[in-house]
Amino acid sequence: MQKSFYDTHALKKPTNLSINSDLLQKAKDHHINLSRALEQRLVEMLLEEKRRESHEENREAIEAYNRRIEADGVFSDGLRKF
């Protein structure tokens, strides 16, 4: 089980949002829990941002690794039979 990067047991906090009225009505018509949907999407967005930051922080190392593999190949190149 993956550990969450935020406190999943933190108290809920009421928040005021503005949303397109037609979009809101369609969500209500489909019984979409807006709080749950927003939380799920925020988690997705934050994880994507963490991935982007990690990639940027490690960009030089990733590029160096890719250059080495391109030049020298991988250790198993001589072992593969397929």
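The values are calculated or read from the model by the stated rules, or taken from the named source; none is laboratory data. Owing to the predicted nature of the structure, the values given are computational and were not obtained by experimental measurement. Cβ: placed from backbone, ideal geometry, glycine included. Neighbour counts: every protein chain shown. All accessible areas refer to the heavy atoms of the entire protein, side chains included, with ligands and DNA or RNA removed. Shrake-Rupley method; radii C 1.70, N 1.55, O 1.52, S 1.80 Å.
Conditions tested, residue by residue: (1) in a helix (DSSP H, G or I); (2) open to solvent by 80 Å² or more (accessible area, probe 1.4 Å); (3) touching a residue at least 12 places away in the same chain (Cβ under 8 Å).
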position: 9; (1), (2), (3): no, yes, no
position: 45; (1), (2), (3): yes, yes, no
position: 49; (1), (2), (3): yes, no, no
position: 65; (1), (2), (3): yes, yes, no
What about residue 21, is it in contact (Cβ under 8 Å) with a residue 12 or more places away in the chain, at negative phi and among the small types (Gly, Ala, Ser)? no
Restricting the stretch 33-73 to residues that are under 20 Å from residue 8 (Cα atoms) and among the hydrophobic types (A, V, I, L, M, F, W, C), which is farthest from the chain's Cα centre (by Cα)? 34
Exactly one of 38, 79 is within 28 Å of residue 7 (Cβ to Cβ) and among the aliphatic types (A, V, I, L, M), and that one is 38
